[in-house]
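A.B. asks: Dropping a structure here in structure tokens format, bear with me for questions.
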Amino acid sequence: MMQSIRGRLLALAAVWLGVALLGAFLLISSLLNDFVTDRFDAEAAAIADSLIGELEVEDGRVGLDDTPVDARFWLPLSGWYWQVEAGDALVERSDSLLDGRLSGPAGDFTGGAGRDADGAGLRILRRQVTVPDSDAPIAITVTAPMAQIRDSLRHIIRPLAAALAVLGLGLAAASLIQVTAGLKSLARLRVDLARVRAGDAPRLAMPDVTELRPLASEINAALDQNAALLSRSRQHLGNLAHSLKTPLAALSNDLPADHAGQALIARMDRLIGWHLRRARQQGGRVLGQQTPIVPVIEDILLVLRWPMLDKGITAHIDCPPDAAFPAERQDLEEMIGNLCENAVKWGRSRMRISVVTGATLRLTIEDDGPGLAPDQAPKALARGGRLDEQGPSGAGLGLAIVADLAALHGGELRLERSELGGLAAIVDLPA
């Protein structure tokens, strides 16, 4: 997952969302805890202030003129207690305290912790005051039950946790949508590059996002450079072929037709052609090209019309009109031309050219000639192999050239027996 950009972005978003939501939960919980306890402390302080306001002294004795009217202080052992002390003497206490007595450290404090007679936790507020006509220090203590404080917090924390969980899910979904939308341009760029590689487009279209435009520009520049280098290499190869073939042609013209050197010159000419084709094949192909197949077949048959008329050979073409070869026309012409020349050379009266498209592009050229024996097919496909030098049914360099070109484009050439009686040369190429 971490090897994927999508996975890394989502993992990073999940970590940050988790940390942020957890931090928010802890912070808000702390604020709510302070708010709830402050509210209880404020209620206890209000009770203490009301008790202080009701203090009176008669004949040196401290008493209360009235007591707080609050039902929570009437319920026995409710945790809501108050008591008034003058020195060590208990002046008065709430009904909820029954016959118990609150104890705690001396001095004023708010939020002290204690327990009642049943062991329940209490939050304690204590005030110390003095009143005229009394020398005894007066201590007022008010308590609130910790269980009630915790229940109040729980009723707030639960909805908070649920709300943050829903918020987290919403943010996670938003992150997923954001990452998916952000990477859609990369996926579109990959599809466009696949179309260029398949020959459906000559160049990459400029992406709709600024960040990917420099990348697309660099890829298009590399495609242009590849096409320029390949064109330049083929031009040099053509110049080399011309510079070699011209002296050989002049030498052949100077020698008598029956001279032994003529055979050597012809062999040198074939070898030069062979190695020049090999060098051109290794130069690769220009990406982004599509070559219609039907026009190539028609042009080759037009070139071969006189040999076909001399031998009385008729050609039948079975090719979809939209069939295309995902590479340059020159490579397709080389393959179809060599196979058709071979079929015309060894055929008697019929030749059939068929093309089947789909996941694989299949090109089949058949004739009704003598064909090849099963043990002769490997020799015919060997580099430089010439069966016509060893017997009457050779195929020359053409088949080996076609086999190499097919391999260059990720396909293969197979030689089988044709339904017409002769050779069936089958080229399978990735569509």
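The values are calculated or read from the model by the stated rules, or taken from the named source; none is laboratory data. These numbers were taken from a predicted model, which means no experiment stands behind them. Methodologically, a virtual Cβ is constructed for each residue, glycine included, from the backbone with ideal geometry; neighbour enumeration extends over all protein chains shown. Each accessible area value is taken on the protein alone, full model and side chains, heavy atoms only, with ligands, DNA and RNA left out. Shrake-Rupley method; radii C 1.70, N 1.55, O 1.52, S 1.80 Å.
A.B. asks: Between Leu186, Leu164, which is in contact with a Phe, Trp or Tyr (Cβ under 6 Å, 6 or more places away or on another chain) and either among the aliphatic types (A, V, I, L, M) or over 20 Å from Leu27 (Cβ atoms) (or both)?
C.D. replies: Leu164
A.B. asks: Still on this structure, please answer the following. Can you tell me which residue within the range 62-94, out of those that are buried (at least 19 other Cβ atoms within 10 Å of the Cβ) and hydroxyl-bearing (Ser, Thr, Tyr), is farthest from Gln128 (Cα to Cα)?
C.D. replies: Filtering the range 62-94 for residues that are buried (at least 19 other Cβ atoms within 10 Å of the Cβ) and hydroxyl-bearing (Ser, Thr, Tyr), the one farthest from Gln128 (Cα to Cα) comes out as Ser78.
A.B. asks: Follow-up. Out of the range 297-340, which residues are buried (at least 17 other Cβ atoms within 10 Å of the Cβ), out of contact with any helix residue (DSSP H, G or I) (no Cβ under 8 Å at 6 or more places or on another chain) and without any contact (Cβ under 8 Å) to a residue 60 or more places away in the chain?
C.D. replies: Of everything in the range 297-340, just one residue is buried (at least 17 other Cβ atoms within 10 Å of the Cβ), out of contact with any helix residue (DSSP H, G or I) (no Cβ under 8 Å at 6 or more places or on another chain) and without any contact (Cβ under 8 Å) to a residue 60 or more places away in the chain, namely Glu328.
A.B. asks: Let me ask something else about it. Here's a check for you: in the range 1-36, which residue that is exposed (fewer than 12 other Cβ atoms within 10 Å of the Cβ) and hydroxyl-bearing (Ser, Thr, Tyr) is farthest from Ala173 (Cα to Cα)?
C.D. replies: Filtering first and then ranking leaves Ser30.
A.B. asks: Quick one: would you say Val129 is within 30 Å of Leu97 (Cα to Cα) and open to solvent by less than 30 Å² (accessible area, probe 1.4 Å)?
C.D. replies: no
A.B. asks: I would also like to ask the following. Evaluate the following for Asn239: is it open to solvent by less than 40 Å² (accessible area, probe 1.4 Å), over 19 Å from the mean Cα position of the chain (by Cα), of a type outside the set (A, V, I, L, M, F, W, C) and over 23 Å from Pro292 (Cβ atoms)?
C.D. replies: no
A.B. asks: When you go through (1) farther than 28 Å from Asp331 by Cα; (2) modelled with pLDDT under 75; (3) open to solvent by less than 70 Å² (accessible area, probe 1.4 Å) one by one for Ala260, which number turns out not to apply?
C.D. replies: That leaves (3) as the condition not met.
A.B. asks: Go through the range 350-374 and give me each residue that's more than 15 Å from Leu399 (Cβ to Cβ) and among the charged types (D, E, K, R).
C.D. replies: Arg350, Arg352, Arg362, Asp368
A.B. asks: Take the residues in the range 85-131 that are small (Gly, Ala, Ser) and closer than 16 Å to Glu54 by Cα; name whichever of them is farthest from the chain's Cα centre (by Cα).
C.D. replies: Ranking the qualifying residues of the range 85-131, first place goes to Ala86.
A.B. asks: Would you mind stating whether Ala181 is loosely packed, with under 12 Cβ neighbours inside 10 Å and out of contact with any Lys or Arg (no Cβ under 9 Å at 6 or more places or on another chain)?
C.D. replies: Judged against the criteria, Ala181 is a match.
A.B. asks: Output the number of residues of the range 407-431 satisfying the condition of being closer than 20 Å to Ala359 by Cβ and part of a strand (DSSP E or B).
C.D. replies: Counting residues in the range 407-431 that are closer than 20 Å to Ala359 by Cβ and part of a strand (DSSP E or B) gives 8.
A.B. asks: Which pairs do you get when a residue that is more than 20 Å from Arg39 (Cβ to Cβ) and open to solvent by less than 50 Å² (accessible area, probe 1.4 Å), found in the range 107-125, comes within reach of a residue that is of a type in the set (Phe, Trp, Tyr) and at pLDDT 75 or above, reach meaning Cβ atoms under 9 angstrom, with the pair 6+ apart or on two chains?
C.D. replies: Asp116/Tyr81
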